[in-house]
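Worksheet: the structure to be examined is printed underneath.
The values are calculated or read from the model by the stated rules, or taken from the named source; none is laboratory data. Everything numeric here is computed off the predicted structure, so don't read it as measured data. FYI the Cβ positions are ideal-geometry reconstructions off the backbone, even for glycines, and counts take in every protein chain you see. Each accessible area value is taken on the protein alone, full model and side chains, heavy atoms only, with ligands, DNA and RNA left out. Shrake-Rupley method; radii C 1.70, N 1.55, O 1.52, S 1.80 Å.
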Amino acid sequence: MKLSHVRGSTDVPLLTKTIGQALDHATSVWGDVQAVRSCEQDVSLTWGELADRSRAFAAGLLDLGLCPGDRIGIWSLNCVEWTITQFAAARAGLILVTINPAYRLFELDYVLRDVGCAAIVIAPPFKTSDYPTMMATLVPEIASSVPGHLCSSALPALKLVVQIGQVVTPGMMPFDAVLAKGAAADPRELEAAEADVRPDHAANIQFTSGTTGSPKGVTLSHSNILNNGYFTGLRAGLRPGDRLCIPVPLYHCFGMVMGNLACVTHGMTMIYPGVGFDAAATLRAIEQERCTALYGVPTMFIGMLDHPRFDDFSMVSLRAGIMAGSLCPPAVMRRVHDRMNMRDVTICYGMTETSPVSYQSAIGDTIERRVSTVGQVHPHLESKIVDPDGVTVPRGAPGEICTRGYAVMIGYWNDPQQTAAVMDQEGWIRTGDLGVLDEDGYCTIVGRLKDLVIRGGENLYPREIEDFLHTHPAIKDVQVFGVSDDKFGEELCVWIALMNGASLSEGDVRQFCHGRIAHNKIPRYIQFVDTFPMTITGKVQKFVMREEMETALKK
């Protein structure tokens, strides 16, 4: 009997560089090549210019009193300054704390307090998010402080607030002023700091969504994320000279690891269509910047495909890309392949705690493999599928996915108890995702452990039902989840978003299901919606839908 336990290849060795060393290597090989392009800012930097600015910003931070090992937050949407800060922090041995730009005061306070940020880089006001005003409200002492010498009663570790943009709030330091300070500083301090940074040192803290409690700070090393970006790009068939369109948020692993760090290790150009995702802006960037690859979560691809001006933009330059962040419906994958010219698009699976990618399809895989699985385990990683008792199950049987290897996090910041709850002494981390391994080691995700619906003692997997409903031509997107039921324990519920101009009734949906899927998989409750509640990274929040439905059903 073949068990659900696989090991990735080791033919290509792991990188042994720090992130700063990787940037220096990119500069030595591709120095005059465009490294980053921000379309909305109309700013471009070569690898040499990015290296110089990151070095100056790092030196400026150290000159302002930060020390290696200190935490520096960045609370901003996508921009060139975000990327400069990312590489500068890595150079100086600082730990970059990536903060969701959708956070408000309560969440921001929690993050800054939890990891003890010594500094934070914040964005200028954007739409309804006035970052400087929120920061000043959280720390009123800023207004009367000297930049770099903040004394806050609420956040005693915080000493410096850096603001991106031309108009700067009193007490905050302009981003460009930090660059200028670093350019004039004694370079020996930065050189000494860089010399002490090792690949196994912490480089980044990313906070989980916190859907089951307070967010946890996932601590990742240089080796974790630099290698993950490298191997993700390698399996996706990305190469020097590619121009990668990155509409996903940089604060998340998808943007900063699979995007920025894949680019620095493969010599690709990072292209940011806008500060946040906008379907038209992304389509425009693909055409105008001649992008050869594109990243996105399924909802982003759906938004672009369904945009009324989609046919006005040329996709001829596209070749490759990655769809990840949430489960990809096969029907959406096929549309991306056929209509966006992305013949080499691959699927990734993982979690923040695994840097993030642990499984990925390959460009040589058949279309069927790429639409029905998340591919095979990544190089230098190990994976197994286990039952509730932790016993590895046979191939073809569902169970919880576990991962071990270089990509597994250092741990949750300052929280050994939570770390031990998901990671054992042998280095295995439990993902909470349910999967099935086939005979060739391809993994199919069948749902979240917490999303599994147990109806009358039978296990029902929402992903299977969602994939089936996606085959209906009138359905644009669909989410299946369980709601509590007095008789069966749980009942199936589905929320359906329709294609533009399409109409469908509950009876139509049930008729479509009848005779095609088992009767117990036909949702009892059917609701038509325009949108789903989502995180900023495009992950659907089924727990919100479940709460709303259960409240409505009680009325």
For the chain, the longest principal axis of the Cα atoms and the Cα long axis of helix 105-115 enclose an angle in degrees, to the nearest 10, of 70
With every protein chain kept in place and a 1.4 Å probe, the residues Ile401, Ile363 fall, from largest accessible area down, as Ile363, Ile401
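Arranged from highest to lowest average of other beta-carbon atoms within 10 Å per residue, in what order do the peptides 518-529, 171-182 appear? Don't skip to the end; give the middle numbers.
Details: 518-529: 15.6, 171-182: 20.3.
Result, highest mean first: 171-182, 518-529.
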Measure of exposure for Thr352: accessible area at 1.4 Å probe, Å² rounded to 10, is 20
Longest principal axis of the chain (C-alpha) makes with the long axis of helix 542-554 (C-alpha) an angle, in degrees to the nearest 10, of 50
The pairs in Lys487/Lys555; Lys2/Lys539; Lys17/Lys539; Lys521/Lys542; Lys159/Lys181; Lys487/Lys554 lying past 22 Å Cα-Cα in this model are Lys2/Lys539; Lys17/Lys539
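Quick one: of the DSSP bridges fully inside the chain, what percent are antiparallel, nearest 5?
55
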Long-range amide H partners of Phe528, meaning residues 5 or more apart or on another chain whose placed amide H is closer than 5 Å, are Ile496
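Given +1 on the Cβ of Lys and Arg, -1 on the Cβ of Asp and Glu, and no further charges, what dipole in debye does segment 307-463 carry about its Cα centre, rounded to the nearest 20?
For this selection, approximately 540 debye.
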dims of segment 404-531, Cα set, principal axes, largest to smallest, nearest Å -> 52, 34, 34
Heavy-atom accessible area of Asp186, protein chains in place, probe 1.4 angstrom, given in Å² to nearest 10, is 80
Interchain or sequence-distant (5+) residues whose placed amide H lies within less than 5 Å of the amide H of Arg455 are Leu460
Counting only protein heavy atoms with a 1.4 Å probe and every protein chain in place, the carbon and sulfur fraction of the accessible surface of segment 114-200 in whole percent equals 60
By the Cα gyration tensor axes a ≥ b ≥ c (a/c under 1.5 gives rounded; else a/b larger than b/c gives prolate, otherwise oblate), the shape of segment 93-173 is rounded
The size of the Cβ-based charge dipole (Lys, Arg +1; Asp, Glu -1) of the chain about the Cα centre, to the nearest 20 debye, is 580
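Rounded to the nearest 20 Debye, what is the dipole magnitude of segment 401-499 about its Cα centre when Lys and Arg each give +1 and Asp and Glu each give -1 at the C-beta?
Its charge dipole is roughly 240 debye.
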Sorting Leu77, Tyr110, Ala123 by the position of each Cα along the dipole of segment 68-141 (Lys, Arg +1; Asp, Glu -1; all at Cβ), the one nearest the positive end of that ordering is Leu77
log10 I(q)/I(0) for segment 236-340, Debye formula on C-alpha points only (no solvent), q = 0.10, 0.18 Å⁻¹, two decimals, reads -0.23, -0.80
At the level of C-alpha centres, the distance separating segment 516-542 and segment 381-447, in angstrom, is 26
Share of accessible surface on carbon and sulfur in segment 476-525, whole %, 1.4 Å probe and ligands ignored, is 44
Here segment 38-45 yields Karplus 3J(HN,Hα) values (6.51, -1.76, 1.60; θ = phi - 60°; whole Hz; Gly and Pro given as x) of 9, 5, 5, 7, 6, 10, 10, 9
Here segment 137-153 yields Karplus 3J(HN,Hα) values (6.51, -1.76, 1.60; θ = phi - 60°; whole Hz; Gly and Pro given as x) of 5, 5, 10, x, 5, 4, 4, 9, 9, 8, x, x, 10, 5, 10, 10, 6
A correct Karplus calculation of ³J(HN,Hα) over segment 364-379, with 6.51 cos²θ - 1.76 cosθ + 1.60, θ = phi - 60°, whole Hz and x for Gly and Pro, returns x, 5, 5, 4, 4, 4, 6, 9, 10, 9, 9, x, 10, 4, 6, x
On the formula 1/(1 + (r/R0)^6), with r taken between the Cβ atoms of Ala518 and Thr471 and R0 of 25 Å, the FRET efficiency rounded to 0.05 is 0.95
Given backbone amide H placed at 1.01 Å from N, residues whose amide H is under 5 Å from that of Asp306, ignoring those fewer than 5 places away on the same chain, are none
By the C-alpha gyration tensor axes a ≥ b ≥ c (rounded if a/c is under 1.5, else prolate when a/b exceeds b/c, else oblate), the shape of segment 244-303 is oblate
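Leaving out ligands and nucleic acids, and using a 1.4 Å probe, what accessible area per residue does the chain come to in Å²?
Ligands and nucleic acids excluded, the result is 40 Å² per residue.
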